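First comes the structure, then the notes that go with it.
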Amino acid sequence: MKRWLLLLYFPFSSYAQCDLELLDFDPIFGTVTVAFNSTDGCGGEGAPDGISELQFGFQALDEDCNAMNIGWDFPSGFSLNPESNHPGWIYTATTTESPTNWTNLYDESLVPPYYAGDTVTFPLFNPYQADCVDGPTSGQMYCNLEGVITYWVTEGYSIQAVIWQISYGQTMYASDGGWAEVGVNGDGTPWGTGLYEDQNFLDNWVVVGDCGDPVPEVVIDTVYIELPPDTVVVTETVYVELPPDTVVVPINWYFYDTTYITVIDTLIMEVDCATGEPCLDVIECPVYIPNGFTPDNDGVNDAWKVETPPDCWDNVQVKVFSRWGDLVWSSNSFDSVWDGGYERAMVRDDIYTYSFVARNKHTLRWVERLGHLVVLR
């Protein structure tokens, strides 16, 4: 008897799960932090294993913690149309790989694509660094997001922040358990089901205010810097001849510049036993440590570094810590500069602590200095 062996073929398939998590929304400093738990199957230009496009949305909640879904007329003159596709929502610019995209204007660590294991903090306010006062984009949402968020916080509204779109896909509608209650799928139909790339979407939004996490408290600290002796501050007046009938409007400008402190380490002089006179001149090793910088890409004070004659020191260690003690930057060289980056993102505006430790090559003495520096955009 012949026996036949029947081979059954079962194709193996794998399903890649796109999984993002919105960890934090800071309405004061204007940032959102996203954990990219898995970036497989998220689509878009970063596919198959990365993400290149994200968009974030924001909505005010009423005292009962319900989305308001209404039009808004803000004190700045900016409005949200109640007849829009998603009334009451305001959005950020979308992260993309476009060479003119906002991510390239901050730091290379923010440039997409993003991959599994990344945690990125995105700046939100005026992300394109555009002229949001008189420029052609002054009416765009990304130019007005800061004013909207500030108004909602001032008025005591809770604010819901969401990952609105992934890879230009659909958002998650209320009919599917999501957050967009009004819009093309707001009638309860299942049309949007499955189109939002992250099926584990329940961690894709956070709420700050009375309905959720507390709004971060603004702490203003004062840093006192002792200036070197005989410091001279020069104020220069520039006279400009204006055309006839020119109306001069006073404008208050606030300039944040770098102040330097000086550390002097003096060589202990050798003395000639016969004459009692010093054999060597005093060698000074000044150390100039800025007490702040403004990493806003305007070409002025965009980076921070310690300045000192390189032939004075060895075994150099320069470190910068957050107010919580986290090491955010370190260097063993005076050639290195800190641009404000930390873990693929930019640090928030705040006061940080620095430590400078080095050994003087001439005296072989160790010098340690601690101080504060301010990051302010």
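Here, each number is a calculation from the coordinates, and none is a lab measurement. Computed from a predicted model, the values in this text were never measured in an experiment. Neighbour counts are summed over all protein chains in view; Cβ atoms, including those assigned to glycine, are modelled from backbone coordinates with ideal geometry.
Stretching the chain fully between Arg365 and Asp314 yields a gain of 17.3 nm (0.36 nm per residue, less the alpha carbon separation). Taking a sphere under 9 Å around the Cβ of Ser331 and counting the other residues whose Cβ falls inside, with K and R at +1 and D and E at -1, yields a net charge of +1. Taking amide H positions as modeled 1.01 Å from N, with prolines and chain starts lacking one, the residues under 5 Å from Ala116 and 5 or more places away or on another chain are Thr39. Exposure proxy shown here: for Lys305, Lys319, the number of other Cβ atoms within 10 Å sets the order, fewest to most, as Lys319, Lys305. Taking amide H positions as modeled 1.01 Å from N, with prolines and chain starts lacking one, the residues under 5 Å from Asn204 and 5 or more places away or on another chain are Leu22. Database remark: amide H of Ile28 closer than 5 angstrom to no amide H (H placed geometrically; neighbours at sequence offset of 5 or more, or on other chains; Pro and chain starts carry no H).
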